[in-house]
Amino acid sequence: MEKQQGYRVAVVGATGAVGEKMLETLEKKDFPIESLTLLSSSRSAGKSITFKGEELIVKEATPESFEGIQIALFSAGGSVSKSLAHEAVKRGAVVIDNTSAFRMDKDVPLVVPEVNEADIANHQGIIANPNCSTIQMVAALKPIQDAFGMTRVIVSTYQAVSGAGTIASEELRQQSQAFLSGEELNPEILPVKGDEKHYPIAFNALPQIDTFQDNGYTFEEMKMINETKKILHSDALHVAATCVRLPFFTSHAESVYIEVENEDLQVSDVQQVLSQAEGIVLEDDPSNQQYPTPLSAAGRSEVFVGRVRKDPDNPKGFHLWVVSDNLLKGAAWNSVQIAESLIKNKLL
């Protein structure tokens, strides 16, 4: 058998939570790599990371870092992507960006491979990885949309603290210990590090993820609204979102209400379509209390769906419960899938 060609790959933000998962995913998938360059801010440069038994030193990301790179996986924050992504493209790399920097750029494909892989062919050097909560939702909705049509989506999310980074996860640990010890809680990170007010996350629920916009929705909610329409190629689709941070570490859960075009549709019809969809695992047996949870989805790359119900008042309405590991399918795994699609479709 002919040996698969290796590629020169860079991971930007290699020491962060998503960067670490990207490296784990590249190793787990045995992604064809000729050389691997690990990049970060100057603060993290010099650290060593083991990849496939080899110790690699993390270097500071600069424009020159991308000389000779073919695939650059970015997950170091939007400001880094804005300053370095085009520099990487200039030097011949295809950038797969995990931030919100380019997602709504009309010239940048926003891709979930199981949903809209064909859009990758339109890339001009940059491909955007969608928001983690958007990815799992559209993965579940696309097969339903294709089979039955869809006019409305209303989603409420229950999101893990790891979506706000390792510092948020550490804040949850510290606050949980303090709460159980009867000590004072001193929030400094959530809901948004840069905002004036901070609230405890331990044993709490925060109905704010990212900053509020002029319309009363948060930036996270607007990302879900706008990205869903772009990925599903439907500006006419009605989408609304409420995003909530809850005190667990991994996986986002979502309660999703949809309206389809056919009022004669039954729960079994939706379940059958979901059970046959790529990347979806249907866990839906109420009689045996079978449904996905954040803990059961953690460490898994699939999107899990359960609690499929027909709305009691609207014959075109259905409710779903969607869960997925936000650092894997919601970020690292999807990014590497995009890279695999680039190779498979000869689009590098």
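The values are calculated or read from the model by the stated rules, or taken from the named source; none is laboratory data. What you see is a predicted model; the values in this text were computed from it and never measured. With ideal geometry, Cβ positions are generated from the backbone for all residues, glycine too; neighbour counts draw on all protein chains shown. The area values use the complete protein model at the heavy-atom level, side chains included, leaving out ligands, DNA and RNA. Shrake-Rupley method; radii C 1.70, N 1.55, O 1.52, S 1.80 Å.
Annotation note: trypsin sites (Lys or Arg not before Pro) in segment 1-95 located in DSSP loop regions with a Cβ neighbour count of at most 12 within 10 Å are Lys3, Arg43, Lys52. When the pairs Lys47/Lys106; Lys47/Lys344; Lys230/Lys316 are compared against a 31 Å limit on Cα-Cα distance, Lys47/Lys106; Lys47/Lys344 fall above it. Counted by Cβ distance under 11 Å from Val244, the other residues give a net charge of -2, where Lys and Arg count +1 and Asp and Glu count -1. Were the residues from Ala240 through Asp195 laid out at 0.36 nm apart, the gain over their Cα-Cα distance would be 13.8 nm.
Kirkwood analysis of the Cα pair distances in the chain returns a hydrodynamic radius of 20.9 Å. Dipole size of segment 166-280 about its Cα centre, with +1 on Lys/Arg Cβ and -1 on Asp/Glu Cβ: approximately 340 debye, rounded to the nearest 20. Exposed loop sites are taken as GluC sites (Glu not before Pro) in a DSSP loop (any state but H, G, I, E or B) with at most 14 other beta carbon atoms within 10 Å; the longest stretch of the chain without one runs 68-182.
In units of the compact-protein estimate 2.2 N^0.38 Å, segment 134-326 shows a Cα radius of gyration of 1.09. The distance linking segment 291-340 with segment 114-130 is 21 Å (Cα centroid to Cα centroid, whole angstrom). Considering helices alone, the calculated mean residue ellipticity of the chain at 222 nm is -8500 deg cm²/dmol, with DSSP H runs of length four and up weighted by -39500 (n - 2.57) and normalised per residue. In this structure, the amide hydrogen of Thr242, modeled 1.01 Å from its nitrogen in the peptide plane, lies closer than 5 angstrom to those of Val155, Ser156, Thr157, counting only residues at least 5 positions away or on a different chain. Rolling a 1.4 angstrom probe over the protein heavy atoms with all chains in place gives segment 134-326 an accessible area of 47 Å² per residue.
Cross-link list Lys29/Lys90; Lys29/Lys329; Lys28/Lys82; Lys29/Lys52; Lys28/Lys346: which exceed 19 angstrom alpha carbon to alpha carbon? Over 19 Å apart, Cα to Cα: Lys29/Lys90; Lys28/Lys82; Lys28/Lys346. Given +1 at the Cβ of Lys and Arg, -1 at the Cβ of Asp and Glu and no other charges, the dipole of the chain around its Cα centre is 600 debye to the nearest 20.
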